[in-house]
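S.K.: Handing you this structure, nothing more for now.
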Amino acid sequence: CVVPGTHVTPPHSTIRPGFPVPVSTNNPEVRKAARFGVYRYNNSSNDLFLFKESQIKKAMVQIVRGLKYLLHVEIKRTVCEKRDHPSLDSCHFQREKNLQRMLRCYFEVWITPWTHKVNILVAHCH
């Protein structure tokens, strides 16, 4: 549900409010949004190891009182254990065959830059 008059369109944008449009999977903001989705997954999983994004397969962005990212992401198990709370950037993917695991995820991440708020609306992994 979108309340009329609450759209914020960046200046000179070709994106129309309310319509999801494809965006580069290499976009730094897309990568940041994917990482937020991964944090949500890690916080809700009971795996001993942390997962991190291995590939962003598809990304769309929708302008709705901020930016809503709709992401299809592959995540893989790392060698970092949850209880150590390391930075995901320094976590390498599992090399041991029997510990390797890959999941496909769909994340919806809503970011309102002017309030510095991030909401993960959807985080489904299988």
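S.K.: Can you work out which of the residues in region 100-117 that are open to solvent by 50 Å² or more (accessible area, probe 1.4 Å) and touching a strand residue (DSSP E or B) at 6+ places or on another chain (Cβ under 8 Å) is modelled with the lowest pLDDT?
M.R.: Looking at residues that are open to solvent by 50 Å² or more (accessible area, probe 1.4 Å) and touching a strand residue (DSSP E or B) at 6+ places or on another chain (Cβ under 8 Å), I get Pro113.
S.K.: Follow-up question, since we're still on this one. Scan region 5-34 for residues that are polar (S, T, N, Q) and either at pLDDT below 60 or touching a Phe, Trp or Tyr at 6+ places or on another chain (Cβ under 8 Å) (or both) and jot them down.
M.R.: Thr6, Thr9, Ser13, Thr14
Quick grid of which residues meet (1) part of a strand (DSSP E or B); (2) touching a residue at least 24 places away in the same chain (Cβ under 8 Å):
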{"position": "Arg31", "(1), (2)": "no, yes"}
{"position": "Lys68", "(1), (2)": "yes, yes"}
{"position": "Arg77", "(1), (2)": "yes, yes"}
{"position": "Arg95", "(1), (2)": "no, no"}
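S.K.: Does region 41-93 hold any residues that are within 17 Å of the chain's Cα centre (by Cα), among the hydroxyl-bearing types (Ser, Thr, Tyr) and open to solvent by 50 Å² or more (accessible area, probe 1.4 Å), and which are they?
M.R.: Ser44, Ser87
The values are calculated or read from the model by the stated rules, or taken from the named source; none is laboratory data. Keep in mind the model is a prediction, meaning the values are calculated, not measured. So basically every Cβ, Gly included, is an ideal-geometry build from the backbone, and we count neighbours across all protein chains shown. These accessible areas exclude ligands, DNA and RNA; they are computed on the full protein's heavy atoms, side chains included. Shrake-Rupley method; radii C 1.70, N 1.55, O 1.52, S 1.80 Å.
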